[in-house]
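Everything below concerns the one structure shown next.
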Amino acid sequence: MTGTANGPLAGVRVVELAGIGPGPFAAMLLADLGADVVRVDRPGGAGLSINPAYDLTNRNKRSVLIDLKSAEGPAQVLDLVERADILVEGYRPGVAERLGVGPDTCLARNPQLVYGRMTGWGQDGPLAQRAGHDIAYIALTGTLGMFGKPDEPPTVPANLVGDYAGGSLYLVVGVLAALQHARTEGGAGQVVDAAIVDGAAHLATMIHGMLAAGGWQDRRASNLLDGGCPFYGNYETSDGQYMAVGALEPQFYAEFIELLGIKDEAPERKDFARWDELRDLITARFRARSRDEWTAVFEGSDACVAPVLSLREAPAHPHLAARATFVDHGGITQPAPAPRFSATPGAVRRPPAQPGADTAEVARDWGVPSLERDDVG
């Protein structure tokens, strides 16, 4: 295998049934950590309108081309399943079963298999068969309603909160926990039902506790962490850029107002009735200088203030550059694998897998000659 894995999951074999969004991202994370991920692509592609060479969620993987609707397709996938530790699929409930690669069939072939299912609504419930996307899943869980200003529509946080935080990361935690169970004495494989609605709801556990205790108001921009607090938010600078302020603790707040130059004017931080006054004061001060000027003012301090950078600016920030938080591979600047491991570091080893390009290599490495039959695809 080109680019031998050296992450903590080296030796773990994963079959990914091609899809879009949270499933591929979860499989990428497993691959970044060293797992040997084989993506089963379908003829005609998975439906994402992006050049496969730039689909970074397929990095560190290998691809085989299998038509699951053909006579040979399901058997070829099951040959891979027999040699795999984990399978990841993101079809609507029942589709994998109809294609002949559902959990019962796969676990019969490989009782130790961890079968990971990634959906928005989950495998059961009134909405299980409904189409949906990130925005609908986080809307229903109350998560979307926390973002934005109270007198405006909720702010859409890209697809990070639902697809990736509530979906991909929970699937990865689930399949790795199930893999640990399968590898214990007397353990066996099982199905992991990772639903974005479950994960997105779970992410707000602390908020629900605060709500129950009366420490959180159930409306946008009215709380400590949602923009309601004047010393936890974003402020425009003179050049139309922004600074992010998170000076929550008293000692950090004290340093913040001193460096901002409002120490003698600012009302008491706990005087909630004067928070609007404090916000106006902070707003006016930040608008007096540029983002770079304010960045220099707060440099090296514990005021918990940072410039709001764009996606293209972020890789050049000195801290991120020093840590190699972003790497260049194949001419593409991209986030490096995370988290980091002292003994078994992950790495970007391979560019995004091209559909079907690794069939012969996988057939050899996994011992699955059926992949190379002439009637495949």
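Residue by residue, here is whether (1) touching a Cys at 6+ places or on another chain (Cβ under 9 Å); (2) under 22 Å from F286 (Cβ atoms); (3) of a type in the set (S, T, Y) holds:
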| site | (1), (2), (3) |
| --- | --- |
| H208 | no, no, no |
| Y235 | no, yes, yes |
| V245 | yes, yes, no |
| A254 | no, yes, no |
Check: If you scan the range 124-158, which residues turn out to be open to solvent by less than 30 Å² (accessible area, probe 1.4 Å), part of a helix (DSSP H, G or I) and either more than 22 Å from I20 (Cα to Cα) or among the hydroxyl-bearing types (S, T, Y) (or both)?
Finding: Y137
Check: Do you know which residues across the range 275-288 are closer than 18 Å to S222 by Cα and open to solvent by 90 Å² or more (accessible area, probe 1.4 Å)?
Finding: D276, D280
Next item on the list: Could you tell me which residue of the range 171-200 is surrounded by the fewest Cβ atoms within 10 Å (Cβ to Cβ), considering only residues that are out of contact with any Leu (no Cβ under 9 Å at 6 or more places or on another chain) and over 26 Å from R109 (Cα atoms)?
Entry: D198
Next item on the list: Would you please name the residue that is surrounded by the most Cβ atoms within 10 Å (Cβ to Cβ), looking only at residues in the range 243-274 that are touching a Lys or Arg at 6+ places or on another chain (Cβ under 7 Å) and within 30 Å of Q217 (Cβ to Cβ)?
Entry: L260
Next item on the list: Starting from the range 76-94, take each residue that is over 18 Å from I20 (Cα atoms) and list its partners that are in a helix (DSSP H, G or I) and open to solvent by 20 Å² or more (accessible area, probe 1.4 Å), counting only C-beta distances under 8 angstrom and pairs at least six apart or across chains.
Entry: L78/T105; L78/R109; V81/R109; E82/R109
Margin query: Just to be sure before I move on: is R291 in contact with a Pro (Cβ under 6 Å, 6 or more places away or on another chain), touching a residue at least 12 places away in the same chain (Cβ under 8 Å), crowded, with 17+ Cβ neighbours inside 10 Å and not β-branched (V, I, T) in the structure I sent?
Written below: yes
Checklist line | Qualifying residues in the range 299-331 (those that are touching a residue at least 40 places away in the same chain (Cβ under 8 Å) and either over 12 Å from L56 (Cα atoms) or under 19 Å from the mean Cα position of the chain (by Cα) (or both)) - the one most open to solvent (accessible area, probe 1.4 Å) | finding: D302
Check: Does P74 fit the bill of being more than 17 Å from L371 (Cα to Cα) and open to solvent by 10 Å² or more (accessible area, probe 1.4 Å)?
Finding: no
Checklist line | Scan of the range 14-71 for residues that are basic (K, R) and surrounded by 22 or more Cβ atoms within 10 Å (Cβ to Cβ), ordered by number | finding: R39, K61, R62
Notebook entry, point to check: Which condition does R109 not pass, out of (1) over 24 Å from L9 (Cβ atoms); (2) free of Cβ contacts under 8 Å to residues at least 40 places away in the same chain, if it passes all the others?
Noted result: (1)
Checklist line | Unique residue being in contact (Cβ under 8 Å) with a residue 24 or more places away in the chain and among the β-branched types (V, I, T) when the list is V156, V192, V173 | finding: V192
Check: With Q190, Q217 as the choices, which residue is more than 29 Å from L311 (Cβ to Cβ) and in contact with a Pro (Cβ under 9 Å, 6 or more places away or on another chain)?
Finding: Q190
Next item on the list: Taking only the range 91-119 into account, find how many residues are open to solvent by 10 Å² or more (accessible area, probe 1.4 Å), more than 20 Å from D36 (Cβ to Cβ) and touching a helix residue (DSSP H, G or I) at 6+ places or on another chain (Cβ under 6 Å).
Entry: 1
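The values are calculated or read from the model by the stated rules, or taken from the named source; none is laboratory data. The model shown is predicted, which means the values in this text are computed figures rather than measured ones. Here the Cβ is made from the backbone with ideal geometry for all residues, glycine too, and neighbour counts use every protein chain on show. Heavy atoms of the whole protein, side chains included, go into the accessibility calculation; ligands, DNA and RNA do not. Shrake-Rupley method; radii C 1.70, N 1.55, O 1.52, S 1.80 Å.
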